[in-house]
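Here is the structure we will look at, set down as structure tokens.
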Amino acid sequence: MTDTVPGPLTGLRVLDLTGTMSGPYCTLLLAQLGASVDKVEPPAGDITRSLMRGRNDTMTPIFLGLNAGKRSIVLDLRTERDRDRLTGLLPRYDAVVHNMRPAAAARIRLTEAGLAAAGSEALLCEIVGYGPGPYEDRPAYDDTTQSISGLAWVQGRGEEPEYVRSAVADKTAGLYAALAVCAALLGRTTGHPSRSVRIPMFETMVAYTTVEQLGGLTFEPPQGPPLYPRTMSPSRRPYRTADGHVGVMLYTDRHWSAFLDWLGREDLAADPSYTTVAGRSLHIDEVYGWLAEQLLGRTTGEWLEIFERLDVPASRVHSFDDLLTDPHLLKAGTVVVEQHPTEGAVRRVRAPFLFDGLPLDDPRPAPTIGEHTTDVLNGP
């Protein structure tokens, strides 16, 4: 893809002292948006360098995915010498991001006071497990955050809790943190200066999960149970067809009327349990169960053609292998194969941002451990 534009954060300098996923996902987004990101790693490297297997040690698929666009500096922050080196670097940056517990960050002077003492005016972004309160000093990971935030309970429909099979708490915290960094830096130009922003994973995921799931607990006193009935139905899933599965979203009254008319089901077309939002909400298991039975009668391809004619949202159920040959993604240039300096041909998913209709410049490949230590320590 040749027509790209520089990211709007070009020129912004970010020091990344994060590990695992929440922080690296935040700084990945900033790098994709054009920021220059320098990643500080311990001598053994970020833990994601050891997850899964790659062609070479320390260059795993997860690390490659999370750390494109960054330079790598190795500092052993257990030593006074490298803590002093870190302090000397701080004035060069516009933002400093970490995802340590507050006590651990304080030991290496990653606090508002520590930055000020180092002569740094950088925004301090802290991704922590919990905000001020009884849990403040507890460690937190994606699984524990999905549990305590109620997300695992929601995923299990209020019965047997389950984890979402993606690091959704980590990545959501990273998204919030990237948004907060951009907002805080903009605020400095509009008369609302901030020295720091803190993103607590627990509180973030409570806000994320409850926005549509609080239900009757929205009111005081409660007007009913929590949870959004449509998403709780065990029949809400990709539906079996005669030869596979289809994802279909009959959602609005118009969708249902069009589908029932096509089926010739005048009886159901006159039934508010099917043709009104309120009726479907009260009878969602019945409605979705009935829909599942109908879809067994034709192939996926046939249903996709029918739903396209009816202007009803529907799609195939893609595997990741399917994504690599999807015509839309191929046209958009979303998934690319490029040459990494040490790993050879690697596949990367481009950032989805479009500015003035154009994608952003590609970031540099993910670095090897300490690849840029000398350049950064000796640079301006």
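The table below gives the values:
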item	result
Cubic angstrom per residue, convex hull over Cα atoms of the stretch 234-282	88
For L64, solvent-accessible area (1.4 Å; no DNA, RNA or ligand), Å²	40
Span per principal axis, largest first, for the Cα atoms of the stretch 239-316 (Å)	31, 23, 19
Normalised contact order of the stretch 182-286, rounded percent, pairs of Cα under 8 Å and 6 or more residues apart	14
Cross-link partners of K39 among aspartates and glutamates (Cα-Cα below 16 Å; sequence separation of 8 or more within a chain)	D16, D76, D82, D94, E126, E371, D375
For the stretch 338-380: Kirkwood Rh in Å [reciprocal of mean 1/r, alpha carbons]	13.0
Contact order relative to length of the chain, as percent, for alpha carbon pairs under 8 angstrom and 6 or more apart	19
Interchain or long-range residues, amide H under 5 Å from R198's placed H	E126
Inter-centroid distance (Cα atoms) of the stretch 287-366 relative to the stretch 40-92, Å	32
Cα→Cβ-extended label distance, 7 Å offset, between A270 and D375, nm	7.4
H340, H318, reordered so the largest accessible area comes first (probe 1.4 Å)	H318, H340
Antiparallel bridge percentage (DSSP; both residues within the chain; nearest 5)	35
For the chain, alpha-carbon Rg and Dmax in angstrom	24.6, 79
List C182, C26, ordered by accessible area with a 1.4 Å probe, largest first	C182, C26
Built amide H within the under 5 Å cut-off of K39, gap 5+	D16, R71, S72, I73
Nearest-10 value in Å² for the accessible area of I148, using the 1.4 Å probe	60
Protein accessible area in the chain, 1.4 Å probe - carbon and sulfur %	55
Residue order for R195, R350 - accessible surface, 1.4 angstrom probe, largest first	R195, R350
Cα-based equivalent ellipsoid, the stretch 29-102: semi-axes from gyration tensor eigenvalues, Å	23, 17, 10
Cα centroid separation - the stretch 216-230 against the stretch 102-137, whole Å	37
Amide H within-cut-off set for V96, under 5 Å, with H built and near neighbours excluded	L15, L123, L124, C125
Residues of the chain: accessible area per residue with a 1.4 Å probe, Å²	52
Calculated on alpha-carbon atoms, Rg and Dmax of the stretch 269-365 in Å	20.7, 65
The chain: DSSP helices with Cα axial extent of at least 20 Å and average Kyte-Doolittle hydropathy no lower than -1.0	168-189
R71 accessible area, 1.4 Å probe, all protein chains in place, Å² to nearest 10	50
Stokes-Einstein diffusion coefficient of the stretch 135-232, Kirkwood radius over Cα pairs, 10 °C, 1.306 mPa s, in µm²/s	105
Helical mean residue ellipticity (222 nm; -39500 (n - 2.57) per DSSP H run of 4+; nearest 500) of the chain	-11000 deg cm²/dmol
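The values are calculated or read from the model by the stated rules, or taken from the named source; none is laboratory data. Since this is a predicted model, take the numbers as computed values, not measurements. Please note: Cβ atoms are built from the backbone with ideal geometry, for glycine as well, and neighbour counts cover all protein chains shown. Surface areas here come from the heavy atoms of the whole protein model, side chains and all, with no ligands, DNA or RNA. Shrake-Rupley method; radii C 1.70, N 1.55, O 1.52, S 1.80 Å.
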